[in-house]
Amino acid sequence: MQFANVLRKKRKERHLTQQELADQLHVTRQTLSRWENNLSYPNLDTLVNLSEFLAIPLDILLKGDENIMVGKLQV
């Protein structure tokens with residue numbers, strides 16, 4: 001699942017409108033709509049704020065992979 005879909009899904013799970021989430025992040029509703037429609041992406045600071053507000057790790061927010069095995073690296 002890509003960023004736009006994860007963002008939309010998590011926002012709806014919290015029963016937030018685009019305007020409510022945009023207000024929390026100090027962006028416009030139109031900006032949030034562009035993110036959810038895969039037309040643009042937030043900057044790094046906003047991504048971190050989104051991750052914290054939605055209580056999901058950045059890797060899940062960005063990649064949508066909820067089955068990540070933390071700490072297992074292949075070299």
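The values are calculated or read from the model by the stated rules, or taken from the named source; none is laboratory data. Note that the structure is predicted; figures quoted are calculated from it, not measured. Positions of Cβ are backbone-derived with ideal geometry, glycine not excepted, and every protein chain shown enters the neighbour counts. These area figures cover heavy atoms from the full protein model, side chains too; ligands, DNA and RNA do not enter into them. Shrake-Rupley method; radii C 1.70, N 1.55, O 1.52, S 1.80 Å.
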If you go through the stretch 47-57 one residue at a time, how many are over 8 Å from the mean Cα position of the chain (by Cα) and either polar (S, T, N, Q) or in a helix (DSSP H, G or I) (or both)? 4
Among (1) modelled with pLDDT under 95; (2) open to solvent by less than 80 Å² (accessible area, probe 1.4 Å); (3) out of contact with any Pro (no Cβ under 9 Å at 6 or more places or on another chain) - the single one Leu21 does not satisfy: (1)
Among the residues of the stretch 36-46, is there at least one that is among the charged types (D, E, K, R), touching a residue at least 12 places away in the same chain (Cβ under 8 Å) and part of a helix (DSSP H, G or I)? yes
So, in the stretch 1-35, exactly how many residues are assigned to a helix (DSSP H, G or I) and touching a residue at least 60 places away in the same chain (Cβ under 8 Å)? 1
